Structures are given as C-alpha cells and as structure tokens.
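This report refers to the structure that appears directly beneath it.
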Amino acid sequence: MIKSLAVDDAGRIIARASRPTEVHAGQDRVVRNLAAAVEDVTRQLEQAGAVMGDTMTKSIGVGVPGVLNVEKGLVVASPNFPRWEGFPLRARLEAAIGRPVLIENDANAAAVGEQWQGAAVGLKDFLFITLGTGVGGGIVLDGRLWRGPGGRAGEFGHVKVMAEGGEPCGCGSRGCLERYANASALERYVLDALPGGTKSDLQRLAYDRPDAVDPAMIAQAAQAGDAAARAAYQRFAVYLGLGIANVVNLLDLRHFILGGGVSESFDLFAPRLRDEAAARIYGVAIDEIHILKARCGNEAGALGMAYLALEKS
Ligand SMILES: [Zn+2]
C-alpha cells in the first residue's frame with residue numbers, strides 16, 4: 001500500500017491519501033500509482049484552498065523498502081520489488097510527477113519521522129527497528145541518518161542469529177533475525193507449540209485452519225492470557241534481544257525505537273526483550289538502555305520523507 005501525506009513547513013499533516021502499490025503489475029504501474037498518490041493529496045489541498053499552482057508542493061519524498069542508491073536514485077535490491085535491481089526510480093518518478101523527488105529506504109525514513117515527531121525527539125544516536133512482515137532498521141548517529149558507503153546500513157533484519165542451519169531468508173542467506181522476529185515467526189512459534197499439547201484458545205483454530213492464525217489473533221489471545229500465544233512472544237523476544245545486544249556491543253547505542261505492526265504488542269514482549277538484552281550486553285548497565293515503542297504508527301515513514309524533502313527544499 002502506498003501512503004501519501006502532505007505536510008506543511010511546521011510539520012502538520014494537512015492531507016492524506018492511500019493507493020494500492022500493485023507490484024505484480026510491473027514498474028510502470030507502480031510509478032503511475034505513486035504519481036497518482038501525489039495527485040490525490042495535491043487535489044485535496046487545492047480543494048481546501050490551501051495551495052495553488054506552482055506553490056502547491058516544494059518537494060516530494062518517496063520511502064521505498066529495500067537497498068537504494070539514494071544519490072543516483074536507483075533501486076539496488078529489494079525483496080518487495082523483485083527484479084527491480086538498477087531501476088532508475090527517482091528519474092522515472094520525476095518524469096511522471098514533473099517535480100524533483102527524493103527517495104530513501106523506508107525504515108531510514110521512519111527513523112527520521114520518529115526523530116522529528118515521535119519517540120526519538122531529542123535523541124542524537126539511536127536505532128529505529130521496524131517489526132512487521134519484514135524487520136528493518138534505520139541508524140541515526142550524531143543526529144544524522146547513517147547510510148553507509150553502499151547505502152545499506154541499518155539492515156538489522158539480516159543480522160545473523162543462527163550459526164548453523166537456520167530459516168532461509170528472502171535475502172538469499174539463512175539464520176537472519178528477520179526470520180525469527182517478524183510477524184510470520186510469531187505464527188510459526190504458535191503453530192510449533194500447539195501439537196505439543198499446550199492448551200490454547202488458538203488450538204482449535206490452528207488445527208482446523210492453520211493459515212487463519214494471524215498476528216492480530218495471536219496478540220489478542222496473548223492479551224487474554226493464552227499460553228501458546230504468550231510463549232510465542234517470549235521466543236520472539238529472545239531473538240530480538242539478541243539482535244539488540246549485538247548492536248549495543250557494536251555501536252554503544254542506548255536508545256532503540258520499535259515500530260511496525262508487531263510493535264503494537266510491545267507490552268507483550270518488552271519485559272523479556274529487556275532481560276534477554278541485559279544478559280548479553282557488555283560494559284553497559286541495562287538501566288542505561290532504553291527500548292521504546294514508536295509513536296508515529298504507520299505514518300512514521302511518510303513523515304520522515306516529508307522532513308527529508310523539506311530539509312532538501
Ligand atoms: Zn536475510
């Protein structure tokens with residue numbers, strides 16, 4: 001889904017729209033849908049009398065999942081956009097929209113959004129982690145996004161948490177954190193637990209229609225005290241805690257902001273996550289490590305892009 005926001009200079013959201021991405025229909029369609037999403041918010045602003053003609057938008061930012069060459073405006077690699085390697089997304093969008101466009105990795109954009117208006121306001125050094133279908137990350141060091149020389153810094157989901165074997169990952173490797181701390185890992189943990197004789201509200205449903213078990217159902221069952229669902233969040237927390245401890249030990253970061261759909265269940269996994277991280281960090285007291293729930297919801301990325309675009313304009 002494409003989410004578009006129009007934001008004024010003061011950071012207030014003044015229009016919103018959404019459109020399907022339709023990746024399956026090919027690159028031209030996706031570019032058209034992105035351009036249409038920009039038109040949607042522009043039309044709203046015009047109807048509201050907020051803007052007119054050339055003054056309507058100063059700049060446009062587009063957050064994209066995957067590794068990008070931000071300077072050249074290219075898609076380098078993206079599991080969500082298979083076979084888009086080398087696609088000149090920025091140039092194509094600029095041709096379709098007729099205005100300058102900025103592109104950025106979506107997790108990096110969300111990190112900036114949280115720093116601007118969310119849980120990371122005032123923080124100079126932190127890792128934003130998105131927990132959803134995939135696991136992404138955005139690193140902010142000394143107040144600025146750290147992209148790395150190849151633009152792929154912050155790929156927290158592909159930090160390895162298994163030395164041998166391990167679940168195959170969309171990146172082509174195995175044992176990546178993403179496969180152990182994403183939404184489908186929660187489903188796997190629940191389904192693993194059920195045949196073992198664990199009593200569960202989800203049991204009947206899982207036996208009849210395993211495909212029907214989804215993260216929202218697991219969250220609901222865990223909130224209600226269901227043992228299998230709660231155990232799934234504990235397992236999830238072990239791997240995420242391992243990943244966070246690795247980052248603390250490598251970069252000495254003290255703040256971690258958790259966003260994405262699974263972070264809605266923050267309270268179900270945060271205590272165990274903290275314990276697991278505490279057991280693995282070196283030279284820092286756990287009291288100095290702050291693991292926080294993101295505040296901008298699914299608009300963090302679009303807000304961050306607006307900030308980056310305003311900054312550039
Ligand atoms: Zn991977």
- Show the residues, 5+ positions off or on another chain, whose built amide H is closer than 5 Å to the amide H of Thr21. Ile2
- Message: On C-alpha positions alone, give me the angle between the axis of helix 266-278 and the longest principal axis of the chain, in degrees, nearest 10.
- Response: 70 degrees
- Would you mind checking which residues have amide H under 5 Å from His290's amide H? H placed 1.01 Å from N; only 5 or more apart, or other chain. His255, Phe256
- Most exposed first by the Cβ proxy, i.e. fewest other Cβ within 10 Å, how do Met1, Met162, Met217 rank? Met1, Met162, Met217
- Amide H of Ile103: which non-local residues (sequence gap of 5 or more, or other chain) have their own amide H closer than 5 Å, using H built in the peptide plane? Val62
- Query: Given Lys58/Lys293; Lys72/Lys312; Lys124/Lys312; Lys124/Lys293, which pairs have Cα atoms separated by over 22 Å?
  - Reply: Lys58/Lys293
- Vicinal HN-Hα couplings computed from phi for the range 294-307 (Karplus, 6.51 cos²θ - 1.76 cosθ + 1.60; Hz; Gly/Pro x): 5, 10, 8, x, 7, 9, 4, x, 5, 5, x, 5, 4, 5
- Item | Vicinal HN-Hα couplings computed from phi for the range 14-24 (Karplus, 6.51 cos²θ - 1.76 cosθ + 1.60; Hz; Gly/Pro x) | 10, 6, 9, 7, 9, 9, x, 7, 6, 4, 4
- Could you calculate the contour length gain from Arg12 to Ala227, that is, 0.36 nm times the residue separation minus the distance between their Cα atoms, to one decimal place in nm? 73.1 nm
- Linear extension gain, Ala278 paired with Ala91, 0.36 nm per residue minus alpha-carbon span: 62.7 nm
- Could you size up the charge dipole of the chain around its Cα centre, putting +1 on the beta carbon of Lys and Arg and -1 on that of Asp and Glu, and report it in debye to the nearest 20? 280 debye
- Task: From the C-alpha gyration tensor of the chain, pull out the three semi-axes of the equivalent ellipsoid (sqrt of 5λ each), sorted largest to smallest, in whole Å.
- Result: 35, 22, 19
- Message: Using the crude model of +1 on Lys and Arg Cβ and -1 on Asp and Glu Cβ, and no other charge, please compute the dipole size for the range 122-294 relative to its Cα centre, in debye to 20.
- Response: 220 debye
- Message: Can you compute the charge dipole magnitude of the range 1-117 about its Cα centre, using +1 on each Lys and Arg Cβ and -1 on each Asp and Glu Cβ, nothing else charged? Give it in debye, rounded to the nearest 20.
- Response: 220 debye
- Task: Report, please, the projected area of the range 122-294 averaged over directions, based on the convex hull of its C-alpha atoms, in nm².
- Result: 10.7 nm²
- Task: Name the residue farthest towards the positive end of the dipole of the chain from the options Val38, Gln223, Ile13, assuming +1 on Cβ of Lys and Arg, -1 on Cβ of Asp and Glu, about the Cα centre.
- Result: Val38
- Query: Kirkwood hydrodynamic radius for the range 208-250: how many Å is it when counted over pairs of different Cα atoms?
  - Reply: 11.7 Å
- Message: Which of Val121, Val76, Val140, Val112 has the fewest other C-beta atoms within 10 Å, and how do the rest follow up to the most?
- Response: Val121, Val76, Val140, Val112
- Message: Given an 8 Å cut-off on Cα distances and at least 6 residues of separation, report the relative contact order of the range 244-313 as a percent.
- Response: 44 percent
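Computed from the coordinates by the stated procedures, all read-outs in this text should not be read as laboratory data. The model shown is predicted, which means the values in this text are computed figures rather than measured ones. Glycine also receives a Cβ, built like all others from the backbone with ideal geometry; neighbour counts cover every protein chain displayed.
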